[in-house]
Amino acid sequence: MSVPFSDDDLTCDGFLDGALQIYQPSTGYRAATDPIFLAAACPARAGQSVLELGCGVGTASLALGKRVADLRMVGVERQENYAQLAQRNADNAALPLEVVVADLTTLSRHLTETFDHVMANPPFFATGDGTGAKDAGREAARREETGLNDWISCAKKRLKPQGWLTLIHIAERLPEILAALQAEKFGAISILPLQSRAGQTAKRVVIRARKLAKTPATLCPPFIIHAGAAHEKDGDDYSDAARTVLRQGAAINWP
């Protein structure tokens, strides 16, 4: 069992231009822009249900809840101390996120309902890749113990027919993700490269896919995060599109 965080271990950080306040550990896994992009990419509508696999401290689900009213939201997190923070953040934001402490490989023991949407930001690095993090929570969030195939299989089981899966991941693992999606009979796959600046290689991708759909895959034009060729002054230099997502909590406009 993980040790609960004390308030001395935490920072309270503003997202969406301060509209969303998130408690998270001062050391360990800390949310940045990825969960905000994930929330912006999810096509949920009012009255629908959303499951987030590996919700951490709840940033993506709560950002989505800020944008879309009247959602049934459930987050799954295997690290109990992070799950407790996610529930605290939801309660503080007065948003209806239910947090379940479970491993996705045994999720059926804890959760049996199906959802209109599943979203996830799985650990980026496969076992044995790169240098391990000293903090156990950060290591668990960055390096997978459960393979991408299992994440996508779990998502399929928890989705209603024609439900949507939304993922954010590193571009180098796109071939594995596409293979797993095809093996699980997902269609209508859309790939949105996230480029730091125009002309640079995309290091992140957002992927959206629909359970049992037959529509062909689409490679979208890249989403440019920063304006200009280089960072030339203090403060952020977000593109207009990125600013509306990261500051205003707007949805990503998929082509």
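Among all residue pairs at least 6 apart or on different chains, which show Cβ distances below 7 Å where the first residue, located in the stretch 45-68, is touching a residue at least 12 places away in the same chain (Cβ under 8 Å) and the second is β-branched (Val, Ile, Thr) and assigned to a loop (DSSP other than H, G, I, E, B)? Close Cβ pairs satisfying both conditions: Arg45/Val68; Ala46/Val68. Selection of first residues in the stretch 241-255 that are within 14 Å of Leu16 (Cβ to Cβ) and of second residues that are polar (S, T, N, Q) and assigned to a loop (DSSP other than H, G, I, E, B), restricted to Cβ pairs under 7 Å at least 6 apart or on distinct chains, gives the following pairs, ordered by first then second residue: Leu246/Thr33.
Yes/no matrix, rows are residues, columns are (1) modelled with pLDDT of 95 or more; (2) small (Gly, Ala, Ser):
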position: Val118; (1), (2): yes, no
position: Gly137; (1), (2): no, yes
position: Ala171; (1), (2): yes, yes
position: Ala183; (1), (2): yes, yes
position: Ile191; (1), (2): yes, no
position: Arg197; (1), (2): yes, no
position: Arg208; (1), (2): yes, no
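Condition check for Arg208 on (1) under 23 Å from the mean Cα position of the chain (by Cα); (2) within 11 Å of Ser196 (Cβ to Cβ): one failure, at (2).
Take the conditions touching a His at 6+ places or on another chain (Cβ under 7 Å), touching a residue at least 24 places away in the same chain (Cβ under 8 Å), in a strand (DSSP E or B) and within 20 Å of Ala155 (Cα to Cα) and apply them to Val76. Does it pass? Here the answer is no, as Val76 does not meet what is asked. Mind checking which residues of the stretch 1-28 are within 14 Å of Arg88 (Cβ to Cβ), in a loop (DSSP other than H, G, I, E, B) and touching a Phe, Trp or Tyr at 6+ places or on another chain (Cβ under 9 Å)? The answer is Phe5, and nothing else.
Residues that are assigned to a helix (DSSP H, G or I) and out of contact with any helix residue (DSSP H, G or I) (no Cβ under 8 Å at 6 or more places or on another chain) occur at least once in the stretch 41-48.
The values are calculated or read from the model by the stated rules, or taken from the named source; none is laboratory data. Note that the structure is predicted; figures quoted are calculated from it, not measured. Using ideal geometry, Cβ is built from the backbone for each residue, glycine included, and neighbour counts are taken over all protein chains shown.
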